[in-house]
Ligand code: FES
Ligand SMILES: [Fe+2]
């Protein structure tokens, strides 16, 4: 994150992120209490955020700390910005947008593969004009490989197990994989389809509210980290990790070599992820538009995973409404 404050939107809440003088990430409401302009238009001075308009300064706890033209008989306004619990972990900033008192009991999901030297990561951003539930349904529905053709890592999934509780839906598919990452040149399978050989691999996918986690055998781990903006806009981060678990010789090389290897190949699969995203986004935005045109329509659903996901999302929405 640059020295300039960064504006994000998380479920209708405008939030500004910045780093204090110690490098700690601070997350505050992005609305100056003076005239309600965006504080993300402003600057950072030491530990404080400075509004662009009249230069009022706000401390990391959200309180107004300085007004440049305060008269001697005037007191600082007592207004305070909402402050959000936030932490940095595994290459990402994790923000808790709910009741602050519950933040400690809801630890972030984390992505241990991000820093781990035995995993090569690739990432791509998903920006879709659709409700986040369409994206979760898409990610849990392994029967939509038809859309992706040769870009799909797996093939022929058959739903074999489905488990659900109040926080997650877990689906196990018996599937096949095109890739086996056991040779140093295995990555060429990405580029040359003739090198791929189908073999059975378990495919596990889980909606772990609010994110998605998947694995294909021992070679691949995937995440989709969700940042829903509002009812019709969703941002998410798709992450793909290839395991180097089978390269035992590489594990014995010096750390600097392993780091070099990881850095060199980081994002080598991003172009595939971007293609998958393009194809999915086209479908998701059409689903959203069709939903807006026909909100009462309910299509037939033949994947039990999706029925479970829809049930859980409805339950979660009901709980949120009660709160
Ligand atoms: S609007 Fe922010 S200081 Fe006036
Ligand atoms: Fe897809």
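Enumerate the strands (runs of 3 or more DSSP E) found wholly within the stretch 103-181, keeping only those where 3 or more residues are free of Cβ contacts under 8 Å to residues at least 12 places away in the same chain.
Working: elements: 119-128, 154-164, 168-177.
It comes to none.
With touching a residue at least 60 places away in the same chain (Cβ under 8 Å) and either over 28 Å from residue 96 (Cβ atoms) or not in a strand (DSSP E or B) (or both) as the only criterion, which of 238, 250, 203 stands out?
203
Sort through 153, 169 and tell me the only one that's crowded, with 18+ Cβ neighbours inside 10 Å and either at pLDDT 95 or above or under 17 Å from the mean Cα position of the chain (by Cα) (or both).
On the way: 153 fails: either at pLDDT 95 or above or under 17 Å from the mean Cα position of the chain (by Cα) (or both).
So the residue among 153, 169 that is crowded, with 18+ Cβ neighbours inside 10 Å and either at pLDDT 95 or above or under 17 Å from the mean Cα position of the chain (by Cα) (or both) is 169.
Determine if the stretch 257-264 includes at least one residue that is assigned by TED's automatic domain parsing to the domain that holds residue 139, under 26 Å from residue 171 (Cβ atoms) and in contact (Cβ under 8 Å) with a residue 12 or more places away in the chain.
Applying the first criterion (assigned by TED's automatic domain parsing to the domain that holds residue 139) to the stretch 257-264 yields 257-264.
Now narrow it down to the ones that are under 26 Å from residue 171 (Cβ atoms): none.
Within the stretch 257-264, not a single residue is assigned by TED's automatic domain parsing to the domain that holds residue 139, under 26 Å from residue 171 (Cβ atoms) and in contact (Cβ under 8 Å) with a residue 12 or more places away in the chain.
Being touching a strand residue (DSSP E or B) at 6+ places or on another chain (Cβ under 9 Å) and loosely packed, with under 15 Cβ neighbours inside 10 Å is true for just one of 315, 311, 289. Which residue is that? Give the steps one after another, and end with the answer.
Details: 315 fails: touching a strand residue (DSSP E or B) at 6+ places or on another chain (Cβ under 9 Å); 289 fails: touching a strand residue (DSSP E or B) at 6+ places or on another chain (Cβ under 9 Å).
Going through 315, 311, 289 in turn, just one is touching a strand residue (DSSP E or B) at 6+ places or on another chain (Cβ under 9 Å) and loosely packed, with under 15 Cβ neighbours inside 10 Å: 311.
Select from the stretch 272-294 the residues that are assigned to a helix (DSSP H, G or I) and away from ligand 2 (no atom under 15 Å from the Cβ) and list them in ascending order.
Just the residues of the stretch 272-294 that are assigned to a helix (DSSP H, G or I), to begin with: 272-293.
288, 289, 290, 291, 292, 293 - these are the residues of the stretch 272-294 that are assigned to a helix (DSSP H, G or I) and away from ligand 2 (no atom under 15 Å from the Cβ).
Please work out if residue 6 is within 14 Å of ligand 1 (Cβ to nearest atom) and surrounded by 12 or more Cβ atoms within 10 Å (Cβ to Cβ). Let's see the steps before the verdict.
Working: within 14 Å of ligand 1 (Cβ to nearest atom): no; surrounded by 12 or more Cβ atoms within 10 Å (Cβ to Cβ): yes.
The answer is no for residue 6.
The values are calculated or read from the model by the stated rules, or taken from the named source; none is laboratory data. In this text, all values refer to a predicted model and were calculated from it rather than measured experimentally. FYI the Cβ positions are ideal-geometry reconstructions off the backbone, even for glycines, and counts take in every protein chain you see.
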